1. Output needed for the chain: three equivalent-ellipsoid semi-axes, defined as square roots of 5 times the C-alpha gyration tensor eigenvalues, in descending order, whole Å.
2. Within straight cross-link reach of Lys355, meaning Cα distance under 16 Å, which lysines are found once same-chain residues fewer than 8 apart are removed?
3. Check Phe513: other-chain or 5+ apart residues with amide H under 5 Å from its amide H, H built from backbone geometry?
4. Taking amide hydrogens as modeled 1.01 Å from N in the peptide plane, which residues meet the under 5 Å criterion relative to Phe65, leaving out close sequence neighbours?
5. Express in % the proportion of alpha carbon pairs of region 568-629 at distances exceeding 18 Å.
6. Taking only the Cα atoms of region 123-453, how large is their convex hull per residue, in Å³?
7. Can you report the principal axis dimensions of region 212-327 using only the alpha carbons, biggest first, rounded to whole angstrom?
8. Rounding to the nearest 20 debye, state how big the charge dipole of the chain is about its Cα centre with +1 on each Lys and Arg Cβ and -1 on each Asp and Glu Cβ.
Amino acid sequence: MKKAISIFIFALTAHCISAESGHQLWLRNSKANPVTIVCKKKSATIYLAMEELQHGWQGAANASFVLTVKPDKAIKGDGFKLSANNIQANTDLGILYGVYELLRRQRTGRPAGNETCNPDYERRILNHWDNLNGTIERGYAGLSVFWREGDNAFVVTETDRQLWREYARANASVGINGSVLNNVNASPDMLTAEILNRVKAITDILRPYGIKTYLSVKFSSPAMIDGLNDSDPLNPEVIKWWNNKVKEIYSLIPDFGGFLVKANSEGQPGPQDYGRNHADGANMLADALKPYGGLVMWRAFVYKPSGEDRAKQAYNEFMPLDGQFRDNVIIQVKNGPVDFQPREPFSPLFGAMKKTSVMAELQITQEYLGHSVHLVYLAPMWEEFLQSDTYQTGIGSTVARCTDGSIYPLKHTAIAGVANIGLDTNWCGHHFAQANWYAFGRLAWNNHLTSEQIAGEWIKLTFGQIAEKADPSGTVIKAEWNLNFLKPVKQMMSDSREAAVNYMMPLGLHHIFAPEHHYGPGPWWAPGGVRKDWTPPYYHQADSFGIGFNRTPSGSNAVSQYHEPLRSLFADPQTCPEIFLLWFHHLPWNFKMKSGHTLWDEICYHYDRGLQEVRQFQEAWDRAEPYIDHRRFTEVQSKLREQCRNAQIWKDACLLYFQQFSRKPVPYDMERPVNDLEDLIKMDFRKL
Ligand code: BDP
C-alpha cells in the first residue's frame, strides 16, 4: 500500500513537470548560485563569458572565480586551462569556451580538475545546405534560420537577431567556430551585394561567439553574375573578378572565413569545364583569399557516370594532385567513399594525401538515416570513422590523427558537419537529433571522446534538471532517475545507429534507397534512361548467384586504394570485417558466415534484429515517461512508433525483394514479413 501511494505521488509530480519545447537545447535555464567574477579584460566575448557564468553558476554560493587572458605555451589556439576557481586562456574566446566547459561539468557532476583543454581541429564548421529562398536541401527541421523568401527577405529583424544569437550561443557552447551559410549547390546570387549585406548582419551577431562565416560559391559566378565570357580559372579577367569580389567581401566582413566549393560534381560547374583540374580551380580562389587569411575548402565529392566504380573516383581524381594545392586550400572529403551511407568504410583519401590538408565532412542531417523521424544517434558512426586505422604511417594512423595534425604537419586542420538545423521550435525536428549537433561539436573539439561519454553528457544536460526539479524529496529519486532513465536512454542511443544499419543496409549493403528523398527502401528502383550509378541495383548487384559489390582485384579493385594490411584484409571474404562484407564482395547466397548461418539467413536475421531493436527502444522510452516532461515524452514516443512502422517496411521490402533472387525461405524461427512486395513497390515512401 505504501509503495502504491509513493508511486502515485511520484506520478503526480512527474506530470507537473512543465512542458518543454526543446528550444533551449542542452542549455536549459537553471537556478544559479551567486558568484563573484574577477576579470581584467573587457570585450564582447568576455562579457558573454561573464554573463554565462552569472546565469549558470552551479558551484558554491558566493564563490569567487577568476578569468585570466594570459599567453601560455601549453594552451593551443582557443584552448584553455581549467581549475576549480580559475580559467586561463590565450584568447577571449578561449575564456568563453572554458566557461562553457566549466558549466557543463557543474551540471553533469564532473569536477573541474587542473586540466588544459585544447581543440583537436583549428576549424570546427557547420555546413548549412540552405538555399536563398529559405528551403534547405536535405533539411528536415523546417526552413532556414538565415534565409527567407518574399518582399522582406533582406530586412534584418530583431527576431532574426535573437535567433542567430541563440544559434551562435549553442554552437559556441560545444566549440563550433564556423558556419558555411548556404548550400554547396550554390546560387550565384550568393555573391550579390544584397545578400552579402545580410551575410554581414549575420556575421556581426555570430562574431562575439567566435563563429566565422564562410560561403559556398558557384564556380561559374563570374560568367553568371557579370556576364564574363567564361569562368576559366586561368583567364586573367576571371582572376580579376574573383580578386575584386573577395576584396568586396572583406571590406564588409574583415574576418570572413573563406569559400566552400562543390565543383564538377553532380552537374555543378568547375575548372574541368575549361580543361583545367581541381588544383587550378582551388588555387585561383586561394590566391584571391590569401592576403586576407581566407581559406578554400574544396570538396572531393566527385563522380561521373563512367564505367569506373563510383567508390574509386574521388581518390583517382585527387591523389595525382597531392602536393599541388596552395597551403590555404583544404580538401573536404566525405567520411566514406560513396555518400553518407548508414555504414561505409572510411574514404581511402584519408591519410593517403600526405602533402595536402584534408578535412572530414560528416553529415549531421540524417539524409540517409531516417530524416528527423528516426532516432539515430550518429556519434557511434563518427567514432568508428575517426578511430579507423588507415595504416598510412604504421599502426595507429587513425583518420583522427591523419586529419588533426598529429601525424602530418598540416598548415590548417578542420572538420565539417552538414547541419540539421532549421526553424522548427526544437531546431532539429526530433529531440534526439539535437544530440547529433551536440556530438559533432564535442568531437570536433576532442576527436577522442567516446560516443558514450557524449551521450551521457547530453542526456544530463537535455533532460537532467527537470528530473531533479520534479524530485520533491532530494537524493532518493535522483538516484532512481539515474538508474532508470540515464542508463536505458543512453543504451538506446548507443544502439540506435547499429539498429538502423540492421533494418536498412546490414553487412555492407549500401545505397538501396528509394530515389531522391533517400528515406524509404527502393532496392528494385532502376527505370530505363536513369544513370546506373544512381540506381540501387548498381550497388547491391543481387542476382541468382548472390549479392554484393565486388571491389576485389577480380572486380573494381577499390581495395587497392587502401594501405596494407587493409587491402589484403578487405580483399579476402574470410578476413573482411563482416560489417563491410557486401561492400567489397559479391558472394553466393549460401556463403558461410562466422555465425554458421548462410549469407541469406544472416541477412534475414539482421533485418529482423533491426526491427526488434526499435521495438526495444519504444519500450525503453515508455519506461522513461515518469522522468521527463509530457511534451517531449509524447513527441519522441510518436516518432518511435513511426520509426517502428518504417523499420518493418524496410525489412519486408528488402527481404521480399532479395528473396526473388535467393529463392530461399525466410528462416522459420523469425517473424514473417507482414507486407506484400507489390504493395511496397507501389508505395510513395515520402508519405511513409
Ligand atoms: C548527396 C545529396 C545531395 C547533395 C550531395 C553533395 O543527396 O543533395 O548535394 O550529396 O554532398 O548525398 O553534394
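Where a number appears in this text, it was derived from the coordinates with a stated rule and is not lab data. Just so it is clear, the model here is predicted, and its values are computed rather than measured. Note that we place each Cβ from the backbone using ideal geometry, even for glycine, and neighbour counts take in every protein chain shown.
1. On the way: eigenvalues 291, 261, 109 Å².
Each semi-axis is the square root of five times an eigenvalue, giving 38, 36, 23 Å.
2. Lys411
3. Sorted by chain and number, the residues that satisfy this are Gly522.
4. Thr36, Ile37, Val38
5. 51 percent
6. 128 Å³
7. 46, 30, 21
8. Values: 72 positive and 74 negative charges, 335 e Å.
Computed about the Cα centre, the dipole is about 1620 debye.
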